[in-house]
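*Asks:* What follows is a single structure, and I will ask about it in a moment.
The values are calculated or read from the model by the stated rules, or taken from the named source; none is laboratory data. Fair warning: this is a prediction, and the values are worked out from it, not measured in the lab. A quick note on method: Cβ atoms are made from the backbone with ideal geometry, for glycine too, and the neighbour counts reach across all protein chains shown.
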Amino acid sequence: MLVIQNEETMAEFYGCAFVPTMGALHQGHLSLIETGKNRNRPVLVSIFVNPTQFSPHEDFDAYPRDLDRDLALLEDAGADAVFAPSHETVYPEVPTHIALPEVATKPNLEDASRPTHFQGVCAVVSRLFDLVKPSVAVFGEKDFQQLQVIKKFVEEDERWEGLEIVCSPIIREEDGLAMSSRNVYLSESQRSNAAGLAQAIRCKDEHEMCSTIESAGFDVDYAVLRDAQTLLAPIDGRPVRALVAARAGDIRLIDNGPVTL
Ligand code: AMP
């Protein structure tokens with residue numbers, strides 16, 4: 001596995017399957033590598049804790065970082081290359097305002113709780129796409145609104161013509177909790193109750209979704225059923241997605257899943 005240090009080595013991987021991450025890797029991230037490998041291309045993983053997608057009160061400084069552990073996991077998972085750029089490489093200039101698709105601003109989900117989040121996500125993703133020049137980019141369904149935002153963002157901008165956005169299913173712990181780098185923040189009792197989020201997304205009723213989350217001791221940020229593509233109100237005959245976000249103190253967890261009504 002190559003650790004990319006300069007632009008010349010990067011050029012060898014143009015056209016790769018690209019897996020952007022913020023590190024603190026778990027099986028969820030590693031499954032994206034598997035998805036990338038299935039496209040029969042070299043898989044390049046980036047590790048960059050992107051400050052612009054964190055709100056000022058969020059956990060940017062405390063976000064778990066362990067590059068040596070991540071490199072060992074990526075080697076074992078069969079990644080072909082890793083790119084862990086410096087802040088200056090990603091942001092030689094302060095990113096300018098980006099026109100976001102409606103799915104980043106209208107649904108009142110992550111966009112409501114984290115108003116600057118998708119500006120930051122699209123800033124980092126477009127810069128990384130420019131540097132890596134992938135032909136495929138793999139994203140997890142775990143961040144479902146992010147996935148829809150990136151799909152639209154890429155579709156609407158001719159710079160990314162031909163770039164395929166591939167989604168990869170959510171990997172869960174045995175009790176159903178969606179794997180997340182933030183799960184390490186949970187206390188023992190919060191951890192044992194956190195599977196309540198995964199139960200909530202199977203409820204098919206928004207009130208029940210809320211009460212399931214609250215019974216698990218979490219505060220509901222949102223617990224909704226939405227059109228799986230626009231993330232607006234469901235429309236008869238179109239796929240529906242259950243989406244939840246919940247808090248325990250400063251810890252915020254999200255989950256989602258398909259719903260057959
Ligand atoms: P992050 O490092 O949290 O920015 O996540 C990097 C990528 O991994 C994103 O595309 C996430 O959606 C994806 N991801 C995170 N957790 C999971 C999971 N449990 N299952 C599948 N993909 C995940």
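*Asks:* Given the criteria within 12 Å of the ligand (Cβ to nearest atom), part of a helix (DSSP H, G or I) and surrounded by 18 or more Cβ atoms within 10 Å (Cβ to Cβ), does residue 154 qualify?
*Replies:* On the way: within 12 Å of the ligand (Cβ to nearest atom): no; part of a helix (DSSP H, G or I): yes; surrounded by 18 or more Cβ atoms within 10 Å (Cβ to Cβ): yes.
Criteria not met by residue 154.
*Asks:* For segment 176-203, give me each residue that is aromatic (Phe, Trp, Tyr) and more than 16 Å from the ligand (Cβ to nearest atom).
*Replies:* We begin by selecting, within segment 176-203, every residue aromatic (Phe, Trp, Tyr); these are 185.
Answer for segment 176-203, where residues must be aromatic (Phe, Trp, Tyr) and more than 16 Å from the ligand (Cβ to nearest atom): there is none.
*Asks:* Mind checking which residues of segment 1-46 are of a type in the set (Val, Ile, Thr), within 16 Å of the ligand (Cβ to nearest atom) and in contact with a helix residue (DSSP H, G or I) (Cβ under 9 Å, 6 or more places away or on another chain)?
*Replies:* 19, 21, 33, 43, 45
*Asks:* Is it true that residue 149 is touching a Pro at 6+ places or on another chain (Cβ under 7 Å), of a type in the set (A, V, I, L, M) and either surrounded by 20 or more Cβ atoms within 10 Å (Cβ to Cβ) or under 13 Å from residue 253 (Cα atoms) (or both)?
*Replies:* yes
*Asks:* Evaluate segment 25-39: report whether one residue or more is in a loop (DSSP other than H, G, I, E, B) and under 20 Å from residue 86 (Cα atoms).
*Replies:* yes
*Asks:* Okay, moving on. Any idea how many residues of segment 62-111 are β-branched (Val, Ile, Thr) and under 23 Å from residue 26 (Cα atoms)?
*Replies:* So in segment 62-111, the residues β-branched (Val, Ile, Thr) come out as 82, 89-90, 94, 96, 98, 103, 105.
Then drop every residue that is not under 23 Å from residue 26 (Cα atoms), which leaves 82.
Selection size over segment 62-111: 1.
*Asks:* Take residue 201 and decide whether it is at pLDDT 95 or above, surrounded by 18 or more Cβ atoms within 10 Å (Cβ to Cβ) and touching an Asp or Glu at 6+ places or on another chain (Cβ under 6 Å).
*Replies:* So residue 201 passes the test.
*Asks:* Any residue at all in segment 82-94 that is aliphatic (A, V, I, L, M), more than 13 Å from the ligand (Cβ to nearest atom) and not in a helix (DSSP H, G or I)?
*Replies:* Yes, there is a match, as at least one residue in segment 82-94 is aliphatic (A, V, I, L, M), more than 13 Å from the ligand (Cβ to nearest atom) and not in a helix (DSSP H, G or I).
*Asks:* Then there is this: For a quick check of your reading of the model, give me the residue pairs whose first member lies in segment 106-125 and is farther than 15 Å from residue 143 by Cα, whose second is assigned to a helix (DSSP H, G or I), with beta-carbon atoms closer than 6 Å and at least 6 apart or on different chains.
*Replies:* Taking only residues 6 or more apart or on different chains, the pairs are 123/52.
*Asks:* As an exercise: evaluate residue 40 against (1) surrounded by 16 or more Cβ atoms within 10 Å (Cβ to Cβ); (2) at positive phi and give the number of the one condition it does not meet.
*Replies:* (1)
*Asks:* A follow-up question, please. Kindly indicate which of 103, 121 is buried (at least 20 other Cβ atoms within 10 Å of the Cβ), modelled with pLDDT of 95 or more and touching a Lys or Arg at 6+ places or on another chain (Cβ under 7 Å).
*Replies:* The match here is 103.
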